1. Any idea how far apart Glu124 and Glu76 come out in nm if each label point goes 7 Å out from Cα toward Cβ?
2. What FRET efficiency do you get for Phe41 and Lys159 if R0 is 45 Å and r is their Cβ-Cβ distance, rounded to the nearest 0.05?
3. Which Cα, out of Val111, Ala100, Ala154, lies furthest along the positive dipole direction of segment 91-168 (beta carbon charges, K/R +1, D/E -1)?
4. Length gain on complete extension for the stretch Thr7 to Ile25, per 0.36 nm per residue less the alpha carbon to alpha carbon distance?
5. By counting other Cβ atoms within 10 Å of each Cβ, how are Glu76, Glu124 ranked from fewest to most?
6. How large is ³J(HN,Hα), in whole Hz, for each residue of segment 108-119 in order, when computed from phi with the Karplus curve 6.51 cos²θ - 1.76 cosθ + 1.60 and θ = phi - 60°, using x for Gly and Pro?
7. Give the order of Thr134, Thr157 when sorted by the count of other beta carbons within 10 angstrom, beginning with the fewest.
8. By how many nm would the segment from Ser105 to Val89 lengthen if fully extended, with 0.36 nm per residue of separation less the alpha-carbon distance?
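Just so you know, all these numbers are worked out from the coordinates, no wet-lab data involved. This structure is a prediction, so every number in the text was calculated from the model and none was measured. Because the Cβ atoms are built from the backbone with ideal geometry, glycine has one as well, and the counts that use them run over all protein chains shown.
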Amino acid sequence: MEVQQKTLIYAGFWRRFGAHIIDQILIGFVQFIVILPFILFFGLRLFYSLKDFDYEEYSSVSTFSHIKFDEFGPAELGLLLLFIFFLIVISTLIQWLYYALMESSAKQATVGKIILNLRVTDMEGNRISFAKATGRYFGKIISSLLLNIGYIMAAFTDKKQALHDIMANCLVLYDDPLQAFIADQTNL
């Protein structure tokens, strides 16, 4: 029995960038829906705690911008810091689960990659595990440091890998060879 060799056609930088934009719009919408109730709760709680605040002193827009954090009490500052920490944790959790679950699924792609006919694989073109997808996601934090140079690397490496792809031993490939041919002819 003859083993069929897979053709690995690497996805270009701009196609990957387009998929990333689509994913970020989708994630932003989901994060807004998930986080909105907490914004309302914490916002109302902070507003209620400031009911004795001297608004007469800060009645104009120009002087209201000069409020200092030391004018808030420790409870308000603690609530504000807790809220900021909570937003960071929830946002990171949503993004991590989105990317890791989608890229390790049978589709091997996020919604943006599905729309643009891409998939994430290991170095042989096989489906990646949830653990590898998790490593790839957290590698994106490193890729985003220093002006996103880790992402830009995908435009210049032989296998069109970004830094997080290299770190996780992954590839982003075209799912359909015909689409890859068309993209190659148009330099996408």
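1. Each label point lies 7 Å from its Cα, and together they span 6.2 nm.
2. On the way: r = 47 Å, r/R0 = 1.04.
So the FRET efficiency works out to roughly 0.45.
3. Val111
4. Numbers: separation 18, 0.36 × 18 = 6.48 nm, distance 3.14 nm.
Extra length available between Thr7 and Ile25 comes to 3.3 nm.
5. Working: Glu76 16, Glu124 9.
Result, fewest neighbours first: Glu124, Glu76.
6. Once θ is set to phi - 60°, the couplings for segment 108-119 become 6, 7, 7, 4, x, 5, 4, 4, 9, 6, 10, 8 Hz.
7. Numbers: Thr134 19, Thr157 14.
Starting with the residue having the fewest Cβ neighbours, the order is Thr157, Thr134.
8. Values: separation 16, 0.36 × 16 = 5.76 nm, distance 2.36 nm.
Contour length minus the Cα-Cα distance gives 3.4 nm.
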